[in-house]
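The values are calculated or read from the model by the stated rules, or taken from the named source; none is laboratory data. The model shown is predicted, which means the values in this text are computed figures rather than measured ones. Reconstructed Cβ throughout: ideal geometry from the backbone, glycine too, with neighbour counts over all protein chains shown.
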Amino acid sequence: MFFYVKGFVLRLMRSIDSQFAYDTHQMMDLKSVRLSFSGEFTSDLVSVLLLLAKNNVGGRSVMKKVYNVMIESLENLIKHAFFHNEDSFPAIFILGKDEAFYYLATGNKIENKKISELQKRLEKVNHMNRIDLVKWYNSILMSDQSLNSTNGAGLGIIDMAIKSNNKFEYGFHKIDENHSFFTLKIKIESEI
């Protein structure tokens, strides 16, 4: 069962640079897309997507990791995605699988002024090993001052990196002077 919105790839091809549209199309063609949704993300929708994912991910330990990363990814879309009626850039979530990995991909419109800080955090996560990520995560938890001042201090990004145990793939595709479309792809080994 898919929540894939048929015209989404076509809208992307008209709205965002052709490389992103092509990459999205290739991912959907080459990987077995298990679940996909484009539009406004709400708490109720997230509950439905999580329930559907349980039926599309095999193996208990893999399912647990995919499920946890999926929760964090979808919560990020609820908190950070822009959505206005008739928006040419609705948020998107895709869960796919190939022989080696499950893929969770998200995309959402963000303000350009937020890119620098997000990119720094993603680069830092990508340059750390699992042990260093756990230490960083715990140090943030131990200092509640940073938790309160930055709305979670990016714990979700660190947690997803720990659980996936793979580097993030991401990009920022300029929409206009004030906004870009942020894409994030997370890989989780399908057999652990």
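Identify all residues within segment 47-63 that are in contact with a helix residue (DSSP H, G or I) (Cβ under 9 Å, 6 or more places away or on another chain) and either hydrophobic (A, V, I, L, M, F, W, C) or modelled with pLDDT of 80 or more (or both); write none if there are none. Scanning segment 47-63 gives LEU49, LEU50, ALA53, VAL57, MET63.
Hey, can you tell me all the residues within segment 55-65 that are in a helix (DSSP H, G or I) and surrounded by 12 or more Cβ atoms within 10 Å (Cβ to Cβ)? Outline the logic, then answer.
Step one: filter segment 55-65 for residues in a helix (DSSP H, G or I), giving 60-65.
The answer is VAL62, MET63, LYS64, LYS65.
Under 6 Å between Cβ atoms, which residue pairs at least 6 apart in sequence (or on different chains) link something in segment 45-57 that is farther than 21 Å from LYS79 by Cβ with a partner that is part of a helix (DSSP H, G or I) and of a type outside the set (Asp, Glu)? Hits for this filter: VAL57/MET63; VAL57/VAL66. Take the conditions closer than 28 Å to GLY154 by Cα, touching a Phe, Trp or Tyr at 6+ places or on another chain (Cβ under 7 Å) and modelled with pLDDT under 65 and apply them to ILE78. Does it pass? So ILE78 does not fit the description; no.
Can you pull out the residues in segment 114-159 that are part of a loop (DSSP other than H, G, I, E, B), modelled with pLDDT of 95 or more and surrounded by 11 or more Cβ atoms within 10 Å (Cβ to Cβ)? MET128, the sole residue that qualifies. Screening the candidates ASP23, ASP44, ASP29 for the property of being charged (D, E, K, R), modelled with pLDDT of 60 or more, in a helix (DSSP H, G or I) and within 22 Å of PHE101 (Cα to Cα) yields one hit, ASP23.
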